[in-house]
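*Asks:* Before I ask anything, let me first share the structure, which is written out below as structure tokens.
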Amino acid sequence: MIRMMAAASALALAAAACASGLDHAAVTVMPSPSAALPAAPAPSLASPEPSAQLGLASRYPALGIASFDIQILDDAILWVSRDISADRTGRGQIVEAPLDGSAPRVLYMASSPHGQIAAMAASAQWIVWAEYVGEPAHARIYGMRRVGGAPHLIDDLSMHALAYLPDFTIEEADVYWSLPLIVDGVWQGLLMHRHLPDGQAEVLQRAPSGSIYGWPSAHAGSLAFEVADQTASKAGHPRYHVALRQSDGVVHDLPLLPASEPSLGDRVLVVKHSDRFAEGPIAVVDLVDGKVTDLRDGEGARLSGTLSVWHSNHPGDAGDYWSSVTGRACVQRLGPAVAAGEATVSAPAVAAGHVAWVYRRTTQTQLAEFIEVAPILRPPCG
């Protein structure tokens, strides 16, 4: 994941000033028949177990004020920060550091001195980000090879009337993003795809009238994504469920209501068992037998292999990170306790046998932010 609303999460916007400029003649509409998964059993509840064991964490200077967008690859860790050396507003940049502890380097800096980077996702060869000056609703989504070169424009959000900011993700060279459009005052969501560098944008999926898509998560050519229904609101907020689009184009609606913030893996899906803007437990869904296991309250779960990690908002957890191995009804706390005057401030990332987070150290006169990454020596629940 990640995507414009994934880790940075859910910035609601009023309709943008410009009417939708999507050139429907220039995109390919792919058919996507729909079917429903069998009804799932009632969720079971996991119980805490002793803490998982992490190795010694490497600490990297964030090179500014860090955001929530941490990406772990096999050879490096990437994140977004704001360079505040010139002014307090800061200039958005994408930073990369090798996992061997070597010094970080700036991989990309916003083209304007006042440019901001709203979100970033990465694969082994590509990075994708949203960049803007002034209003996030006017951001442009770009892709660029990690080795450098000219950025490729993927979408210009100023050309669309949006209900929310889009989310995006990347798998290898395939970029997926949501377009939560407003057409004549009614929500009309699109799920988009483009193969970098030279592929054409195509519409993978059109939402029913009154619905929009968000938070796409890609795995082995399949996609999990949110569906927000404007017509089924609760206290003025849309109701959310999660859908799964298989690599053959067949779409299944997950029989778990409400559900949001999906992270897709091999035969398993991790979601938040609540609406996007509500608190709720992280849940693991077995896509083979439909079994649902509620874990612990949290936000922004990430899935890597059989390991899921999330940031807790459970009472008494004090912002801890928790983890679980899919298929087992257990949860474990990750990482050391936070010392006085210090706090971890982001949802964690997990991949390549490592977990990472933003670490903030504060004193009466100084605030410093770091990226910490630690190897997982013993899997949780082992």
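*Asks:* Find the residue count for segment 207-262, including only residues that are acidic (Asp, Glu) and under 21 Å from His311 (Cα atoms).
*Replies:* Selection size over segment 207-262: 2.
*Asks:* List the strands (runs of 3 or more DSSP E) that sit entirely inside segment 147-186 and contain at least 3 residues that are open to solvent by less than 10 Å² (accessible area, probe 1.4 Å) and aliphatic (A, V, I, L, M).
*Replies:* Because the criterion is at least 3 residues that are open to solvent by less than 10 Å² (accessible area, probe 1.4 Å) and aliphatic (A, V, I, L, M), the strands (runs of 3 or more DSSP E) in segment 147-186 that meet it are 174-183.
*Asks:* Hey, another quick one. How about segment 275-284: which of its residues are open to solvent by less than 10 Å² (accessible area, probe 1.4 Å) and either in a loop (DSSP other than H, G, I, E, B) or in contact (Cβ under 8 Å) with a residue 60 or more places away in the chain (or both)?
*Replies:* Listed by number, the residues that qualify are Gly280, Ala283.
*Asks:* If you don't mind, there's one more thing I want to ask. For Pro262, state whether it is in a strand (DSSP E or B) and more than 30 Å from Ala150 (Cα to Cα).
*Replies:* In short, yes.
Okay, residues lined up against (1) among the small types (Gly, Ala, Ser); (2) at pLDDT 85 or above; (3) crowded, with 23+ Cβ neighbours inside 10 Å:
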| site | (1), (2), (3) |
| --- | --- |
| Ile212 | no, yes, yes |
| Ser233 | yes, no, no |
| Tyr240 | no, yes, yes |
| Pro258 | no, yes, no |
| Val268 | no, yes, no |
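*Asks:* Within the bounds of segment 160-171, is there any residue that is of a type in the set (Ser, Thr, Tyr) and more than 30 Å from Ala232 (Cβ to Cβ)?
*Replies:* Scanning segment 160-171, I find no residue that is of a type in the set (Ser, Thr, Tyr) and more than 30 Å from Ala232 (Cβ to Cβ), so the answer is no.
The values are calculated or read from the model by the stated rules, or taken from the named source; none is laboratory data. Since the structure is predicted, the reported quantities are computational estimates derived from the model, not experimental observations. Here Cβ is always computed from backbone atoms with ideal geometry, including for glycine, and neighbour counts include all displayed protein chains. The area values use the complete protein model at the heavy-atom level, side chains included, leaving out ligands, DNA and RNA. Shrake-Rupley method; radii C 1.70, N 1.55, O 1.52, S 1.80 Å.
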